[in-house]
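First comes the structure, then the notes that go with it.
The values are calculated or read from the model by the stated rules, or taken from the named source; none is laboratory data. If you're wondering where the values come from, they're calculated on a predicted model, not measured in any experiment. So basically every Cβ, Gly included, is an ideal-geometry build from the backbone, and we count neighbours across all protein chains shown. Heads up: the accessible areas ignore ligands, DNA and RNA and are worked out on the full protein's heavy atoms, side chains in. Shrake-Rupley method; radii C 1.70, N 1.55, O 1.52, S 1.80 Å.
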Amino acid sequence: MKYNQFSYIPRPADTCEQELQALGFELNKRQSDKETLEHFCRKIFFNYKDTDYPLHNLIADFETDLLTFFKSDRPLTADIFYTITLQLLGFTPHVDFTDTTDFLEKIDFPINYQKGHIIEALYQLLLSRQKNGMTLLDDLISKGLIPVDNDYHFFNGKSLATFNTNDLIREVVYVQAPLDTDNDCQLDLVKVNIIRPKTSHKVPTMMTASPYHEGTNIVANDKKLYKMEGNLAIKQAGKISVETRNFEPLETPELDLPVGDAEESFSFIDPYTLNDYFLARGFANIYVSGVGTAGSNGFMTSGDYAQVESFKAVIDWLNGRAIAFSSHRRDQKVLADWSNGLVCTTGKSYLGTMSTALATTGVEGLKVIIAESAISSWYDYYRENGLVCSPGGYPGEDLDVLTELTYSRNLLSGDYLRNNAHYQELLDEQASELDRTSGDYNQFWHDRNYLPHADKVKATCVYTHGLQDWNVKPRHIFNIFNALPSSVEKHAFLHNGEHVYMHNWQSIDFRESMNALLSQKLLGQDNHFVLPTLIWQDNSQEQAWTSLAEFGSNNQSTLALGTDQKIIDNHYAKAEFERYSKNFRTFKSELFTGKANAICLDLPIEHDYHINGQITLHLTVKSSENKGILSAQVLDYGEKKRFKDVPSVLDLYAIDNGRNFSREALKELPFTKTRERVITKGVLNLQNRTDLLTIEDIPANEWMTIDFTLQPSIYKLKKGDTLRVLLYTTDFEHTIRDNSNYILTVDLDKSNLEIPIENNVRL
C-alpha cells in the first residue's frame, strides 16, 4: 500500500484540538506528547471496558509492548510514535513491516510528527486511510465512536456517518416532464425512487440517472445485435452539414391539485455504493431511469436532449420548478419539501453520460457531477472517423440495440400489450436515422453530441476515466474536459484500468475527496478544500498518483517509422476469417504478436517519454481499390511490469460505508509482468481522411497524405522500451468485417509518428 492523500485539509493546531475534543478526545496542549498519545489510544479502544488489554497487544518498539511503554518513564520518540500509529492503521509488525523507518518510506506515509505538535499529527492520523481502505475515523465511527442522531457533524470539513441507515424513508414519486416522446398527447411521467434519512434538516441529493435501474431486456438486445460481416460501402463524395439546436420543452400547465404524501414505497433498489456512503452522511439518494423505462412513460430516445430533459425535470422538481404526482392517476401533487435543492449526479458509463449531458443544460441546482467513464458524444461511442465502430467488447451493438436493452416498459406485460406496436414503429425510425450503412456523422448524431453545449456548464465537474477503457474510449473525457469553459471548476482522475469504478481502491482517497468537495458545495462548509485539476495514476510504478496541469500537451516529439514501403493485405483465407470473426480476442492476440495481416513496426525508445495527449500518425498511403479501412494500435511491447486493467479484490467486505451498512470490497489494480500494453488505437475510413464532415473519393493506386489522430493517453515510457506500431485494415472487435480483396501500401519513409510530451519533460 502507498498513501496518496488528496482529501486532507491542513488545519491550525487550535482547530485540530477543538475538533478532536468535539469527538470526545480529551486532549490539550498542557499534556505531554506521551500523555496525549496514551489518551488518544485509550479512546481509540472505546469499545473495551479495560483498555489495558488492547494496549498490551500492541507494541511501542520491537522489544516493548505499548502498555509497558505507557507505564514506563521512557520518552516518546518519533520511531515509537510511527510504530504505534502504523498499528492503529492496521499494519502488523513482523508481517507488514520489520523496520519502521523503511516501511514509512515505502508507503509514502503522509504524517510528519514533530515534538510538541502531536495534536496535529493525531488529527491527520484520524483522516488517514487504514490498510482496509477506510480512514481511521470512519472506522471508529462505524463502530460507534459518536452516536447516530440524524444530525450533521463535521471533521476536517467532511460530513460524518451520523445518519441512521437502518430507518430510512423509501418512497416513489412520478415527476411530470415537459415531453411527449411517445406522441400520445400526454406529458411523460418519470418514476423517481427516493431514499432519504429521517431528519429535520433539508438535505442535498445524490442523483443517479440510470436507464438500467428499472430492468434490462437482454433477450430483445441480443436479437437486435447486428452482423459485423459485410462489405465496406463506397460513399459519394461531399460535405456533411449539421445544425446545433437547443432543446425546446413543451409547456406544462399549472395544476390546481391537492398536495399529499407519496403513495408508493419500495424495499430495495440496486445501489451505487458511493451514494450509500453519502446517504449515511446526510445526503438523499435518488435513482431515476427516465423516459421509456418501467414505471415511466415515453419512448427511449437514447442520448438526445429529450431523454436528458426527463432527468432535468427531476432536478427542477427538487427545486420547486416542476410537479411530481403520487401516482399515475395524476390527481395529487407531492412536494420535495425535504430537499435543499442542491444536487450531485453520480454513476458510470451511461449513468455518467447523463451527468455530463445534464451539466450541459446549465440546470439550476445541479452543483456537482461525478461522471465516471462518461460518453461526451454518442457518435464517438458507436462510430469513429466515418466508420461504424462497435464499443470495445460489444461487437454488433448500436444505439438502437441499446434502446432495446433499456426500453424496460416492455418488461411490464400490460405495458407491452398496450404500447409495443407503437414502440416498434418508433424503434424502426430510430434505426433508420442512425445510418449504419455509411457510418457518417449526421443530424441524428449531432443531436446526441454534448460538446457543442459545453459552454452552458456551470456545475463543478469531476470525471474519472480509465486509460485502458476501449468501451467508452479516452477521447470522450479528453474532449469534454478540454471543452469546458475556463470559469468551470473541473477535476479528473485518470487511472490505468478499463471500464471500472475506482471509489473503493486502496491507493487513493477518492471517497474522502468527494466528501470534502460535496460538503463544501452542497452542505455549505467553508472548508477551503482544493482538489488538483488532474490526478493521474502513474503507469510506471505501483500505487502512485500525481497531479498534472492538463490533459494534452503542445510539446511534440517525432519518431520515424522506416525507410521502405510495406503492404497490408485486407483479405484472409476463409478459415482464418471465420476464426477471427468467431472470437475477436483471438484476432487481437495474434495481431499483437505480428501474426495477423498488419504492418508491424518495433521502434526502440532512446529517451524517457512522458506521453500526454493524442498520438498522431502522419502517413503516406495508397489503396489498390477505391475504398479502405485503416486501423492502428500503438503498444508498449516487451516483458515488464504493468497494470492489469481490472482491479482485484484485496479484502471482500473491508469497507463499511456507514455503520455496518453497504459493505463493499477493497480493490486495487494488480501490477504484474505482462507482454504488452495498448497505449492508444484508432480506426479510419480513408474516405473521411481530412475530417469528419468531408467525404472524399479514394483514387485507386494513388498516394494520399493523411493525419491519423489516435485516442488520447497519458503514459510513461523509459529508455530501452519498445514501441510497437501496428497498421492494419479490418478490426474484428470494432469495425465492419470486410474480407474483400484490396491492399493498402504505406510509404514509411514519408511517414512518422508524432508523440505529445508532458510539458515539464525534457528529452
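A few comments on the model shown:
- The lone criterion from (1) touching a strand residue (DSSP E or B) at 6+ places or on another chain (Cβ under 8 Å); (2) assigned to a helix (DSSP H, G or I); (3) open to solvent by 10 Å² or more (accessible area, probe 1.4 Å) left unmet by GLN468 is number (2).
- Residue list for the range 662-687, filter: out of contact with any Leu (no Cβ under 8 Å at 6 or more places or on another chain) and of a type outside the set (Ser, Thr, Tyr): ARG663, GLU664, LEU669, PRO670, PHE671, LYS673, ARG675, GLN687
- Here PHE478 does not fit the description of being assigned to a helix (DSSP H, G or I) and open to solvent by less than 20 Å² (accessible area, probe 1.4 Å).
- Residue identified as touching a His at 6+ places or on another chain (Cβ under 7 Å), surrounded by 21 or more Cβ atoms within 10 Å (Cβ to Cβ) and not aromatic (Phe, Trp, Tyr) among THR162, THR135, THR100: THR162
- Of all residues in the range 541-564, those satisfying the criterion of being over 21 Å from the mean Cα position of the chain (by Cα) and surrounded by 16 or more Cβ atoms within 10 Å (Cβ to Cβ) are SER553, ASN555, LEU559, LEU561, GLY562.
- Condition met for LEU518 (open to solvent by 30 Å² or more (accessible area, probe 1.4 Å), of a type outside the set (Phe, Trp, Tyr) and closer than 17 Å to LEU274 by Cβ): no
- Criterion violated by LYS521 - all others in (1) in contact with a strand residue (DSSP E or B) (Cβ under 6 Å, 6 or more places away or on another chain); (2) of a type outside the set (Val, Ile, Thr); (3) on the phi > 0 side of the Ramachandran plot satisfied: (3)
- Residue in the range 142-157 that is part of a helix (DSSP H, G or I) and without any contact (Cβ under 8 Å) to a residue 12 or more places away in the chain present: no
- All of (1) open to solvent by less than 10 Å² (accessible area, probe 1.4 Å); (2) under 17 Å from THR558 (Cα atoms) hold for ARG724 with one exception: (1).
- Evaluated against (1) part of a loop (DSSP other than H, G, I, E, B); (2) polar (S, T, N, Q); (3) crowded, with 24+ Cβ neighbours inside 10 Å, THR361 falls short on exactly one condition, (3).
- Search result, residues across the range 393-404 that are open to solvent by 10 Å² or more (accessible area, probe 1.4 Å) and outside any helix (DSSP H, G or I): GLY393, TYR394, PRO395, GLU397
- Test: residue in the range 694-710 that is under 22 Å from GLY392 (Cβ atoms), open to solvent by 10 Å² or more (accessible area, probe 1.4 Å), among the β-branched types (Val, Ile, Thr) and at pLDDT 95 or above: yes
- Residues (assigned to a loop (DSSP other than H, G, I, E, B) and either open to solvent by 70 Å² or more (accessible area, probe 1.4 Å) or without any contact (Cβ under 8 Å) to a residue 12 or more places away in the chain (or both)) located in the range 253-263: PRO253, GLU254, ASP256, PRO258, ASP261, GLU263
- The range 558-587: number of residues that are outside any loop (DSSP other than H, G, I, E, B), closer than 26 Å to THR616 by Cβ and touching a helix residue (DSSP H, G or I) at 6+ places or on another chain (Cβ under 9 Å): 4
- Taken as a whole, the structure places LEU250 among residues that are under 29 Å from TYR305 (Cβ atoms), out of contact with any strand residue (DSSP E or B) (no Cβ under 6 Å at 6 or more places or on another chain) and aliphatic (A, V, I, L, M).
- Restricting the range 107-119 to residues that are closer than 23 Å to MET1 by Cβ and in contact (Cβ under 8 Å) with a residue 40 or more places away in the chain, the residue that is surrounded by the fewest Cβ atoms within 10 Å (Cβ to Cβ): ASP108
- Here PHE247, PHE266 are screened, and the one residue that is surrounded by 15 or more Cβ atoms within 10 Å (Cβ to Cβ) and in a loop (DSSP other than H, G, I, E, B) is PHE247.
- Sole residue being open to solvent by 10 Å² or more (accessible area, probe 1.4 Å), closer than 25 Å to TRP445 by Cα and acidic (Asp, Glu), chosen from ASP304, ASP337, ASP316, ASP331: ASP304
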